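The values are calculated or read from the model by the stated rules, or taken from the named source; none is laboratory data. These figures come from a predicted structure and were not determined experimentally. Cβ placement follows ideal geometry from the backbone for every residue including glycine, while neighbour counts extend to all protein chains displayed. Just the protein is used for accessible areas: all its heavy atoms, side chains included, with ligands, DNA and RNA removed. Shrake-Rupley method; radii C 1.70, N 1.55, O 1.52, S 1.80 Å.
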Amino acid sequence: MTGSTNQLTSESGAHRCPPVSSTGPLGGLIPHAVRPDRWCWAPDRGFHPRSAPHQRVRLTPAAGLLTRGRTIGVRQAVALGAAGAHADLAHAFSELDSWVPFPDAEVFARLGWAARHLDEADDATLRDVVAGALRAIDEELLPTAWRQPLAVAAAGGAVPAAEQARLRSAGDAAYRRLTRFETGWPQPPADRQAWWDYAAARACTALRDGDWIPAARAVTDLYGLTGPDPHQAAQWLAAISDRSTAGLAR
């Protein structure tokens with residue numbers, strides 16, 4: 001990772017942070033704004049200020065685009081963990097933050113670290129990570145009508161042409177219902193069935209087509225719809241991190 005924009009490793013293997021820049025995208029524009037480059041992350045020491053690498057801090061996900069105090073954007077947390085790699089799959093799973101209020105951003109940095117090279121992984125590895133995340137969702141919490149199609153999608157079974165057409169039709173109908181409002185998509189309580197249909201149909205078709213990033217987003221929406229608490233959600237993401245690490249080790 002030497003030369004990364006997020007963290008550096010010396011020749012001895014010790015972690016070194018790049019210096020804090022004097023300016024940043026928000027510096028000088030918003031008074032008292034925390035610069036996005038203030039923080040660094042390393043697997044053995046977690047989040048810490050770049051100006052004080054030995055001072056471990058606990059950061060919470062920012063509620064909006066502006067970070068203050070000890071908060072950090074979820075995408076930034078993933079990026080710090082990925083240490084310069086794209087980690088698109090990790091970013092897709094990190095969208096669980098829109099469903100669950102996480103008290104600690106550490107799980108997102110570790111997700112980025114675990115998935116930092118999955119963008120270059122083969123299809124078998126990517127399918128294992130995404131399908132494994134789907135299988136980790138308690139089937140009893142999914143709508144009865146979608147349990148079998150999702151099980152087939154997770155297993156990678158063949159899908160007859162008629163079923164493929166039904167999935168496309170269900171997804172299109174759900175999308176039309178969710179986008180019928182001029183003010184944006186409704187929150188799940190407003191049309192929960194449409195959310196279920198849209199997420200489930202996307203998960204099935206994206207897994208079948210090998211579109212791993214859309215599949216990860218759809219599976220994340222499915223899990224979010226089950227209403228996990230923050231502890232359960234963190235465990236689900238940690239399991240994805242473990243599976244990603246195992247995939248990289250192969």
Residue in the stretch 131-143 that is among the β-branched types (Val, Ile, Thr), open to solvent by less than 20 Å² (accessible area, probe 1.4 Å) and either within 23 Å of Val74 (Cα to Cα) or modelled with pLDDT under 95 (or both) present: yes
Ala87 being open to solvent by less than 50 Å² (accessible area, probe 1.4 Å), under 30 Å from Ala151 (Cβ atoms) and in contact with a Lys or Arg (Cβ under 8 Å, 6 or more places away or on another chain): yes
Selection status of Ala124, open to solvent by less than 60 Å² (accessible area, probe 1.4 Å) and of a type in the set (Gly, Ala, Ser): no
Pairs, first farther than 14 Å from Arg208 by Cβ and at pLDDT below 90 in the stretch 156-179, second part of a loop (DSSP other than H, G, I, E, B) and not β-branched (Val, Ile, Thr), C-beta under 9 Å, six or more apart: Arg177/Pro186; Arg177/Asp191; Leu178/Trp185; Leu178/Pro186; Leu178/Asp191; Thr179/Trp185
Test: residue in the stretch 225-243 that is touching a residue at least 40 places away in the same chain (Cβ under 8 Å), in contact with an Asp or Glu (Cβ under 6 Å, 6 or more places away or on another chain) and closer than 21 Å to Asp123 by Cβ: no
